[in-house]
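Inspection log for the structure reproduced underneath, given as structure tokens.
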Amino acid sequence: MRLPFRTATLLVGSLVLSTTLAAAQDAVPARVRGTIAAVDGSILSVTSREGPVVRIAMAPGVGIRGVAAASADDIEVGDYVGVASLPGADGKAGALEVLIFPAAMKGTGEGSFPWDLQPGSTMTNATVANAVEGVSGHELTLTYPEGSKTVTLPENIPVVTFADADAGDLVAGAPVFVPATQAADGSLSTAFVVVGNDGVVPPM
């Protein structure tokens, strides 16, 4: 299932996310995962998965995206996806989650780089060159300018796509993923927030 997107908003979100992901690769990442504790103007307070409540300054015009549930069966050759994975003993990476980007966001943050979903994990934003479903489950070959990676998708792996969301969705208790940047004084800021829709938790 693919959901409709408002084109103008999507293109802005694409630019914001691309810039944010690029910054995350060039600097020490400050990714926050958890649930919203409070929103006070432009300050987003999040109870992080590590426990403490962290305060994040949202930039003017902050990009806000929701997530909608999808499945491995929705992934097609030519799709642009983001896959968090761990290295496997057989040389193939084991996927932890998959984000199916809408077509207008193809090329966002392209490449494979360290990720902190789990210790030792990586994030690969790339085009699906081959998609196979066999007795051992789904397997994807991902290609990007620097190379390629083959990943296996276990059953019941979280697969999502972006959905529309706005500031009204930033309410206490909502699950969020925030790719933030950290200033020299330790303060956090962000230009992009991913919030869960209808009980779907951002798996990134």
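Values quoted throughout were computed directly from the atomic coordinates according to the rules given, and no laboratory measurement underlies them. Worth saying up front: this structure is predicted, and the values here are computed from it rather than measured. All Cβ positions, even for glycine, are placed from backbone atoms using ideal geometry, and neighbour counts span all protein chains on display.
Working note: Karplus 6.51/-1.76/1.60 with θ = phi - 60° gives region 182-197 the couplings 10, 7, 4, 8, x, 6, 10, 9, 8, 10, 8, 10, 10, 10, x, 10 Hz, where Gly and Pro are set to x. From the largest down, region 75-204 spans 44, 35, 27 angstrom on the principal axes of its Cα atoms. Would you mind counting up the charge near Ala93? Only other residues with Cβ under 14 Å from its Cβ, with Lys and Arg at +1 and Asp and Glu at -1. With Lys, Arg at +1 and Asp, Glu at -1, the net is -1. Scalar couplings 3J(HN,Hα) for region 37-48, obtained by applying the Karplus form with A = 6.51, B = -1.76, C = 1.60 to θ = phi - 60°, are 8, 6, 10, 10, x, 8, 9, 9, 9, 10, 7, 6 Hz; x denotes Gly and Pro. Within region 93-186, the GluC sites (Glu not before Pro) that combine a DSSP coil assignment with at most 11 other C-beta atoms in a 10 angstrom radius are Glu146, Glu155.
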